[in-house]
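The values are calculated or read from the model by the stated rules, or taken from the named source; none is laboratory data. Being a predicted model, the structure only gives us computed values, none of them experimental. FYI the Cβ positions are ideal-geometry reconstructions off the backbone, even for glycines, and counts take in every protein chain you see.
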């Protein structure tokens, strides 16, 4: 049952802290990289809120504007404010949002606040953004706003690049799916009702609610999952996971790369919601994956362990994925080899990593994948070619990350 949301913006809760860390940790490298593209950036916070909580903590709009100004100031290529255009859509608290932005940026009017619904305004906002680098932060007040039909239409706008960071309230979807199919969810899901939606969507045992849920996740695959849960074949944790995997698979039909970051406050719990990142470019996928892995470590130490340092990985041969599962080094190495066998032409390292994590998820740190590639090179299965091949001191290059001046190409030999 939904809680009273009258004091939703009074204090920034742990859920909002995690989401904003994930957003802020990505925006800086995103802005920095795309400022060099020569095309303007269009950033949209689709459910912006008030901009600041009553306890003084910044919301996502102020976080984005601070990072934007920092990147513009540091950029050697583009310092014009128009290089990063920002738009904030807010249905209820538009006036308070403007006030909070003006308190922090009294002389900065290089942003747009749209007082209205995301559903009514997002497509008109994007209509003239052909060739722009577009990023949407979609943190909806209720799951109804996640219409997959709308996500599909975004592909038709001709953007230079397009990315979204979506908050998918997976347990909220599970709970409402049970209501729509007249299935009682049991008490085996600890803390299911702790996650508060500002504007929860009301679902009932009706065909209309079923159609709405199908539109949200892009198919009816959720129905047999709920019925298997009802029959006792799977528990609520497994049902949430399967629904989320189905949603990821649907997004992968629309966009090349999809990352799935589960968010939980306790290690023993399944996630209350998931942050989904979608992109058609390997650089965006790679950067967000790095950010998610970093947030995973912070989440384990700072929140789930109460600030106590704990071992991030189980051992030298077993690792903890973002799902909380234990993955062996042998499984990782087999997955890397399997990905290599699919190659029909040379591939850049960033593209390989993006394809790998799109297929297998965030199962380990990148260094484990790099170690597996080194073993394959030593076995004569691949060749790794770095440019420049030598350091300024004429030593053989050993770097493992690409940038403007460094490339890594993987050649399959067998």
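Tabulated data for the structure shown
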read-out: Residue 94 vs. criteria at pLDDT 90 or above, surrounded by 14 or more Cβ atoms within 10 Å (Cβ to Cβ) and under 30 Å from residue 174 (Cβ atoms); value: no
read-out: Residue list for the range 352-371, restricted to those being over 14 Å from residue 328 (Cα atoms) and in contact (Cβ under 8 Å) with a residue 40 or more places away in the chain; value: 352, 353, 354, 355, 357, 358, 361, 366
read-out: Number of the exception - residue 300 against (1) in the same structural domain as residue 165 (by TED's automatic domain parsing); (2) out of contact with any helix residue (DSSP H, G or I) (no Cβ under 9 Å at 6 or more places or on another chain); (3) modelled with pLDDT of 95 or more; value: (3)
read-out: The listed residue being in contact (Cβ under 8 Å) with a residue 60 or more places away in the chain, within 22 Å of the chain's Cα centre (by Cα) and not assigned by TED's automatic domain parsing to the domain that holds residue 291, out of 349, 343; value: 349
read-out: Subset of the range 370-387 [out of contact with any strand residue (DSSP E or B) (no Cβ under 7 Å at 6 or more places or on another chain) and either assigned to a loop (DSSP other than H, G, I, E, B) or loosely packed, with under 13 Cβ neighbours inside 10 Å (or both)]; value: 378, 379, 380, 381
read-out: Residue check for residue 248: modelled with pLDDT of 95 or more and touching a strand residue (DSSP E or B) at 6+ places or on another chain (Cβ under 6 Å); value: yes
read-out: Residue satisfying all of: in the range 35-49; more than 19 Å from the chain's Cα centre (by Cα) and under 12 Å from residue 160 (Cβ atoms); surrounded by the fewest Cβ atoms within 10 Å (Cβ to Cβ) among these; value: 38
read-out: Count of residues meeting criterion [in contact with a helix residue (DSSP H, G or I) (Cβ under 6 Å, 6 or more places away or on another chain) and either more than 27 Å from residue 218 (Cα to Cα) or surrounded by fewer than 19 Cβ atoms within 10 Å (Cβ to Cβ) (or both)] in the range 105-147; value: 5
read-out: Residue check for residue 338: outside the structural domain of residue 281 (by TED's automatic domain parsing) and either under 22 Å from residue 262 (Cβ atoms) or surrounded by 13 or more Cβ atoms within 10 Å (Cβ to Cβ) (or both); value: no
